[in-house]
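The structure appears right after this line, and notes come after that.
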Amino acid sequence: MSISPELASAPDTIESEFLVSGMTCGHCVSSVTEELSAIASVENVVVALNVGGASKVTVASTAALDPEAVQAAISEAGYALVDAAS
């Protein structure tokens, strides 16, 4: 069974935003995108690269994301999740 492209914009899609530090180039964006895309239920990952600061990463998924899985994926890519409260 194939998934139609319309599912990406379905009303039950959840968007989560994260701040990630340490990313400086397109390769960094690719690494983070690849690791986050491997999490179950992730449909799409968009990175707004901010060289020298925290980059905004938006993840669209069909289910709520496990914060530990997100942290592990970003760490595996070689970057750090920024605590929004700090």
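Key figures
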{"item": "Total residues in the stretch 26-58, condition touching a residue at least 40 places away in the same chain (Cβ under 8 Å) and among the charged types (D, E, K, R)", "result": "2"}
{"item": "Residue check for residue 86: modelled with pLDDT under 95 and polar (S, T, N, Q)", "result": "yes"}
{"item": "Those residues of the stretch 13-34 which are more than 8 Å from the chain's Cα centre (by Cα) and among the charged types (D, E, K, R), in sequence order", "result": "15, 34"}
{"item": "Among the residues listed as 43, 35, 76, the single one being modelled with pLDDT of 95 or more and farther than 27 Å from residue 12 by Cβ", "result": "76"}
{"item": "Selection count, the stretch 48-86, where residues are among the hydrophobic types (A, V, I, L, M, F, W, C) and closer than 12 Å to residue 21 by Cα", "result": "11"}
{"item": "Flag if residue 72 is out of contact with any strand residue (DSSP E or B) (no Cβ under 9 Å at 6 or more places or on another chain) and surrounded by 13 or more Cβ atoms within 10 Å (Cβ to Cβ)", "result": "yes"}
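The values are calculated or read from the model by the stated rules, or taken from the named source; none is laboratory data. Being a predicted model, the structure only gives us computed values, none of them experimental. Neighbour counts run over all protein chains shown; Cβ positions are idealised from the backbone, glycine included.
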